[in-house]
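*Asks:* Below is one structure. I have some questions about it.
Each value in this text was obtained by applying a stated rule to the coordinates, not by laboratory testing. These numbers come from a predicted model, not from an experiment. Note that we place each Cβ from the backbone using ideal geometry, even for glycine, and neighbour counts take in every protein chain shown.
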Amino acid sequence: MSACDELLKLHDWDELLFGGFYCLHCSPTGEDSFDDPIAWPCPPLREAGLTDDEAREIIVARREKAEADYRAKKAAEQAEAQRQVNEFNHRHPVGTLVFAYPGIRPEDGAGTRLVTRTRTEAQVSASGDPVVWVEGEGSYISLTHVDPVAEDVWEAAWKAEKQAEPTVVTPQRLGHATRDETIPALLATIKELRASRQPLIDALTRVHQSMTACVGDEWAMEWLGEVWTQIPLHVRALAGDQDPASELGEGGA
Ligand SMILES: [Zn+2]
């Protein structure tokens, strides 16, 4: 039996992309090989007496193990995310002063730093990441991009930012700079922001389209009714949803 185990270990197998199994040991290797892979169980295993039923059992067992491993890994990730959320909430109540980086962190390059405070408790996002919402930013931010800071540090940064007279940033600061200084920079920023968010808009549009295409599907209708409507009006309008687009139009008229 151990001889057979050794043989099985040597003649390990993998799945072909379009179905079927091949022997990793017997199949030709190398990118320049155009020979067909050798089906698994391969002749040496057949000669050793491996039956189809045994081969099937081996395949099923490995798939089950892979699935179990995957589930265990997901559960561990979920638990870890929840642990980070609990720890954050335990140490940093809503309103905690933070530096938040909606894009990239300063160690990784130039991005936006928000001198702000949390406006929700941390939670695990739908995609499984620990996140929190901060004031001045519509979307949640990963906890890895939110640094709680001491009050004096925060206040110094806040004052420095107010005195910095930024040429580009948020409209409420426009009053501090002249129109000629501000407008070109603002337009450039708008253009840049539009370009950077376009892939997200495209993705959202696709999700919305595929959901609305599922006419009559209970789950899709439920999703549109309960999840989609939670998304801000103007974001839905950007994704090509006609209802909020017309609603916004009326509001603006
Ligand atoms: Zn083989």
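*Asks:* Under unit Cβ charges (Lys, Arg +1; Asp, Glu -1), what dipole magnitude, rounded to 20 debye, does region 2-77 have relative to its Cα centre? Before the final figure, lay out the partial values.
*Replies:* Values: 9 positive and 18 negative charges, 80 e Å.
That gives region 2-77 a dipole magnitude of about 380 debye.
*Asks:* Using a Gaussian network model of the chain whose springs link C-alpha atoms within less than 10 Å, name the residue from E218, E67, E151 with the highest mean-square fluctuation.
*Replies:* With Cα springs under 10 Å in the chain, the top fluctuation among E218, E67, E151 is at E218.
*Asks:* Taking the simple approach of a point 7 Å from Cα along Cα-to-Cβ for both T189 and K162, what is their distance in nm?
*Replies:* In this crude label model, T189 to K162 measures out at 1.8 nm.
*Asks:* Under a point spin-label approximation (7 Å from Cα along Cα-to-Cβ), what is the V235-C4 distance to one decimal in nm?
*Replies:* Placing both labels 7 Å beyond Cα along the Cβ direction yields 5.8 nm.
*Asks:* Let me ask something else. With charges set only on the Cβ (+1 for Lys and Arg, -1 for Asp and Glu), what does the dipole of the chain come to about its Cα centre, in debye to the nearest 20?
*Replies:* Values: 24 positive and 44 negative charges, 235 e Å.
For the chain, the charge dipole is close to 1120 debye.
*Asks:* Would you look at the GNM of the chain, springs on alpha carbons closer than 10 Å, and say which of D108, D36, D69 moves the most?
*Replies:* Ranking D108, D36, D69 by mean-square fluctuation puts D36 first.
*Asks:* Still on this structure: Which of A195, W154, C4 sits farthest toward the positive end of the charge dipole of the chain, with +1 on the Cβ of Lys and Arg and -1 on the Cβ of Asp and Glu?
*Replies:* W154
*Asks:* In debye, nearest 20, what is the charge dipole magnitude of region 78-164 about its Cα centre with +1 on Lys and Arg Cβ and -1 on Asp and Glu Cβ, if you could check? Write out the running numbers ahead of the final one.
*Replies:* Numbers: 8 positive and 13 negative charges, 29 e Å.
For this selection, approximately 140 debye.
*Asks:* Another question about this same structure. Which order do the peptides 75-84, 120-129 come out in when sorted by mean C-beta neighbours inside 10 angstrom, highest first?
*Replies:* Details: 75-84: 13.1, 120-129: 14.9.
Ranking, from highest mean packing down: 120-129, 75-84.
*Asks:* Excluding V85 itself, what net charge comes from residues whose Cβ is under 14 Å from its Cβ, given Lys and Arg +1 and Asp and Glu -1?
*Replies:* Numbers: positive: R83, R91; negative: E77, E80, E87, E121, D129.
Around V85, the charge tally is -3.
*Asks:* Order of C4, C42 from fewest to most other C-beta atoms within 10 Å?
*Replies:* On the way: C4 13, C42 21.
Fewest-to-most ranking of C4, C42: C4, C42.
*Asks:* Please list, ordered by chain and number, the residues whose modelled amide H lies under 5 Å from the amide H of V134; skip anything fewer than 5 residues away on the same chain.
*Replies:* R119, I141
*Asks:* Within the chain, which cysteines find no other Cys whose Cβ is under 4.7 angstrom from their own?
*Replies:* C4, C214
*Asks:* Could you give me the ³J(HN,Hα) list for region 222-234, computed from phi with Karplus coefficients 6.51, -1.76, 1.60 and θ = phi - 60°, whole Hz, x at Gly and Pro?
*Replies:* The phi angles translate into 4, 4, 5, x, 9, 8, 4, 5, 6, 7, x, 3, 5 Hz.
*Asks:* Now a separate question. Given the options Y70, P41, F18, identify the residue whose Cα lies farthest towards the positive end of the charge dipole of region 2-77 (+1 on Cβ of Lys, Arg; -1 on Cβ of Asp, Glu).
*Replies:* Y70
*Asks:* Another question, if that's okay. Note the count of lysine pairs whose C-alpha atoms are less than 29 angstrom apart in the chain, limited to pairs 8 or more residues apart or on different chains.
*Replies:* Values: K9/K65; K9/K73; K9/K74; K65/K73; K65/K74; K159/K191; K162/K191.
Taking the Cα cut-off of 29 Å, the pair count is 7.
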